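Student: Here you go, one structure.
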Amino acid sequence: MAADSEPESEVFEITDFTTASEWERFISKVEEVLNDWKLIGNSLGKPLEKGIFTSGTWEEKSDEVSFADFKFSITHHYLVQESIDKEGKDELLEDVIPQSMQDLLCMNNDFPPRAHCLVRWYGLREFVVIAPAANSDAVLSESKCNLLLSSVSIALGNTGCQVPLFVQIHHKWRRMYVGECQGPGVRTDFEMVHLRKVPNQYTHLSGLLDIFKSKIGCPLTPLPPVSIAIRFTYVLQDWQQYFWPQQPPDIDALVGGEVGGLEFGKLPFGACEDPISELHLATTWPHLTEGIIVDNDVYSDLDPIQAPHWSVRVRKANNPQCLLGDFVTEFFKICRRKESTDEILGRSTFEEEGREIADITHALSKLTEPAPVPIHKLSVSNMVHTAKKKIRKHRGVEESPLNNEVLNTILLFLFPDAASEKPLDGTSSTDNNNPPSESEEYNLYNQFKSAPSDSLTYKLALCLCMINFYHGGLKGVAHLWQEFVLEMRFRWENNFLIPGLASGPPDLRCCLLHQKLQMLNCCIERKKARDEGRKTSSSDNVTNTYSWDAGKAGDQLGPDKLKDTDKEKGEVGKSWDSWSDSEEEFFECLSDTEELKANGQESGKKGGLKEMANLKPEGRLHQHGKLKLLHNGEPLYIPVTQEPAPMTEDLLEEQSEVLAKLGTSAEGAHLRARMQSACLLSDMESFKAANPGCFLEDFVRWYSPRDYIEEEVIDEKGNVVLKGELSARMKIPSNMWVEAWETAKPIPARRQRRLFDDTREAEKVLHYLAIQKPADLARHLLPCVIHAALLKVKEEENLENISSVKKIIKQIISHSSKVLHFPNPEDKKLEEIIHQITNVEAIIARARSLKAKFGTEKCEQEEEKEDLERFVSCLLEQPEVLVIGAGRGHAGRIIHKLFVNAQRAAAMAPPEEELKRMGSPEERRQNSVSDFPAPAGRELILRTAVPRPAPYSRALPQRMYSVLTKEDFRLAGAFSSDTSFF
């Protein structure tokens, strides 16, 4: 059996050579990709225009191929161009050389300032690169390189592709490529040499020509002329005589408190270092032949001053330190801090007032309790006295992050009305509201949800920004905020309006902190008006019962001993009676006499009886022009009504949540309607007081005319008369308006329970301000800081007039408005906005740096000045700028002078002006220094068209590119040969 099994085992060892190997699969995959990309056959394009490699659009397509388990990426790079109409394809000659071979000799795009390295070395408009997919992978061994090159050659031959195909070898940082291009009967080999050290014999033109000629190996004598293009690049790093013009901020002046109010309202601007690090001058000789010029190891005709073409590029400093960007970035960092103000400042500064502070928090908690708590027991006046004592107290340096001078300067800037003595009785205040501007810059706060640029909130944001950067950082911010909150409480207790805030209800277009301050101002206004009204009524000798009652109340209850035990009108579950007749109402809502109560209840039930009509009218504003009461023909009077309660956006949101929770049931809807009708009830009571004996129809005619329908009818006598009635919705049973009218008593506005309880709301705002952490504060004020930064950038840009910056600023404004309008924007998006602002600041700083170096302001002739400004503008926006007139033009002479001065400074030689004053030519020669340093880079392109490899072969393009720098030497050759006649 063993003998029988031996032949069978030998059969299984037979190798099937018809199976495709890994190498063949790799070639097949490359061919498949070339076919998918339709790179088959000859596709002739238009001749290349000058500069198209930089100004045109480059695109690329990528795919992945594998050689066994080694992955390669294959990428097609191409210049987007309109394809020429292929009229008469048959007329195209079969032996037309591929487009890429023709491009080797094109001289319109030598030395493009921004392009792929293969484009710069070979002048190609289209090529394919195969490279290891992973950055760490590399094809290092010579056998693998040859295997890949063979694969490329086979794939090109099989597909008929005429696009050059390159393979990247060695480590990626070396940028080493070998490749091939095939056409009908022709082939171009792309080869490369890369060395760290430049061989001495190849540092000049004559040595490179020898390499080129030996490589071509042309059998013809004499050799056809070689076309030469040369570019030398000179680098200027030492900007002598042109110091960076940015003045650093005078920190001593800031710390010393010498800064005026205007300084605290300004943001710094500009780069702290020169944002232009180097100037690169490229001198180019675009069309030379070898017989015209001499350049060898002994002598050279290549003088940069005589070069026909000069072009300049500037190298920008990487992330230059910019003042405005740093300011905003440091302020943004506060947003990530977790500490509270007390944790930052420590409890040491409050040790003396520890008990009083405990009283304050106790007071705030009691305000929210449902039980009636008389405010006079909370020692509000004592609390204010303590706060002011603390403000005036002399602090030690070790205790206070901010010294008194800086703090006083800031507080005077924020509160300019504090400069004048405040009256002790609190009956007047200074409101320094600037008239609002209608300009686009002013209205930016609408888009950013920040605050107007003349408002207190905006100024506070700038001051906190400056404190954070210059005066103590986070501790300084916490200290200033603490003083600010104390000032707010002092102003509330003493009836001083807050300056820098627009009058009226909170502006919901602004940030929440600005709305809170506006709300506090509304409270101060109401409290001030009420106190003044009480004083007036108590001082007059009035016989009216209601006036006497109100005056009595004003005498009994001073500003420091107020009673505030009412509940908000929007409280859920109250009956209609409780809206106006609660026993816990504010002190102004005194209990009416028994007679008035009886009259009010009777009139509420029966609509309008004689008892109601006999009441004395109160709270009239003025007589209505036309309307009269329906039952007695008396003139209808418009009553004095309460203003609706102002609300901030967080209160509105809270109210909407409460209303939404009531659900959609009938009971919930009815309750919701009652909660929303507190203002309606108040107006009805005021109307009844002003118009005794009125009906609901009278009120509707004034309050909602559309709900009173009048029709012309003919009466019994045949006269046309107007007959009116309530609308259908007013006649619905259990109508909210009817219920409210029946409940309403004739009480004038001044004696009603307040719709807006300013005492309660002010305490809520003050508590809100007191609990804000520095991080919360920074979040609130960041839109204002970004707003201010953008205004500063716009202001600086207007001085420089850079068109590209204008577009960028518009984009930043558009982006910022989208991000800042949403609550709690993401940190990443905020950082992006700040980064964009910093970039714009750097661009403007670069423009100023270049203007200073090129002396645009010193030009006397207007035409030269315009040319220089245009030249500087182009340097900012373009990768490389041609110098008009080369070394002989106005810009060229300035650049030449910059290099000369740098050279003399480096060699410790006397400046050019002193050199001219020297007497003898011998002295000048001894002290003279070359105008330009040694070139930092030398680039040469050698081209010719010769028959190769035999004399009878076709004349085909040959090209060699060479670049020599201090630590790099590269030769990139494209050598074509005839594959038909060899």
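Student: Considering only the stretch 817-838, how many residues are crowded, with 16+ Cβ neighbours inside 10 Å and modelled with pLDDT under 90? So that I can check it myself, show each step before the final result.
Tutor: Filtering the stretch 817-838 for residues crowded, with 16+ Cβ neighbours inside 10 Å gives 819-820, 825, 830, 833-834, 836-838.
Then drop every residue that is not modelled with pLDDT under 90, which leaves 819-820, 825.
Selection size over the stretch 817-838: 3.
Student: If you scan the stretch 473-501, which residues turn out to be under 27 Å from the mean Cα position of the chain (by Cα) and either under 16 Å from H514 (Cα atoms) or part of a loop (DSSP other than H, G, I, E, B) (or both)?
Tutor: The answer is W481, G500, L501.
Student: Take the stretch 35-75 and flag every residue that is within 19 Å of M101 (Cα to Cα) and either of a type in the set (A, V, I, L, M, F, W, C) or in contact with a Cys (Cβ under 6 Å, 6 or more places away or on another chain) (or both).
Tutor: L39, I40, L44, L48, I52, F53
Per-residue answers, yes or no, for (1) in contact with a Gly (Cβ under 6 Å, 6 or more places away or on another chain); (2) assigned to a helix (DSSP H, G or I); (3) of a type in the set (S, T, Y):
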residue	(1), (2), (3)
S503	no, no, yes
R509	no, no, no
L517	no, yes, no
C522	no, yes, no
E525	no, yes, no
A529	no, yes, no
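Student: Next question, about the same structure. When you scan the stretch 222-235, how many residues do you find that are within 14 Å of A955 (Cα to Cα) and among the β-branched types (V, I, T)?
Tutor: Residues flagged as within 14 Å of A955 (Cα to Cα) and among the β-branched types (V, I, T) within the stretch 222-235 amount to 1.
Residues checked against (1) open to solvent by less than 90 Å² (accessible area, probe 1.4 Å); (2) in contact with a strand residue (DSSP E or B) (Cβ under 6 Å, 6 or more places away or on another chain); (3) at pLDDT below 80; (4) part of a strand (DSSP E or B):
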{"position": "A20", "(1), (2), (3), (4)": "yes, no, yes, no"}
{"position": "S28", "(1), (2), (3), (4)": "yes, no, no, no"}
{"position": "V33", "(1), (2), (3), (4)": "yes, yes, no, no"}
{"position": "L44", "(1), (2), (3), (4)": "yes, no, yes, no"}
{"position": "L48", "(1), (2), (3), (4)": "yes, no, no, no"}
{"position": "E60", "(1), (2), (3), (4)": "no, yes, no, yes"}
{"position": "D63", "(1), (2), (3), (4)": "yes, yes, no, yes"}
{"position": "D95", "(1), (2), (3), (4)": "yes, no, yes, no"}
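Student: Quick one: in the stretch 852-876, which of the residues that are of a type in the set (K, R) and open to solvent by 40 Å² or more (accessible area, probe 1.4 Å) is nearest to N318 (Cα to Cα)?
Tutor: R870
Student: Restricting to the stretch 198-216, and then to whatever is in a helix (DSSP H, G or I) and of a type in the set (S, T, Y), can you tell me which residue is least open to solvent (accessible area, probe 1.4 Å)?
Tutor: Keep residues of the stretch 198-216 that are in a helix (DSSP H, G or I), which gives 200-202, 205-216.
Pick out the ones that are also of a type in the set (S, T, Y) and you get 202, 206, 214.
Details: Y202: 62, S206: 43, S214: 87 Å².
Checked the stretch 198-216; the qualifying residue least open to solvent (accessible area, probe 1.4 Å) is S206.
Student: Now a separate question. Just to be sure I understand, how many residues within the stretch 271-288 are assigned to a loop (DSSP other than H, G, I, E, B) and either modelled with pLDDT under 85 or open to solvent by 20 Å² or more (accessible area, probe 1.4 Å) (or both)?
Tutor: 3
Student: While we're on this one: State all residues of the stretch 684-735 that are small (G, A, S) and in a loop (DSSP other than H, G, I, E, B); if no residue qualifies, say none.
Tutor: G693, S704, G718, S727, S734
The values are calculated or read from the model by the stated rules, or taken from the named source; none is laboratory data. Since the structure is predicted, the reported quantities are computational estimates derived from the model, not experimental observations. Here Cβ is always computed from backbone atoms with ideal geometry, including for glycine, and neighbour counts include all displayed protein chains. What goes into the accessible areas is simple: the full protein's heavy atoms, side chains included, and nothing from ligands, DNA or RNA. Shrake-Rupley method; radii C 1.70, N 1.55, O 1.52, S 1.80 Å.
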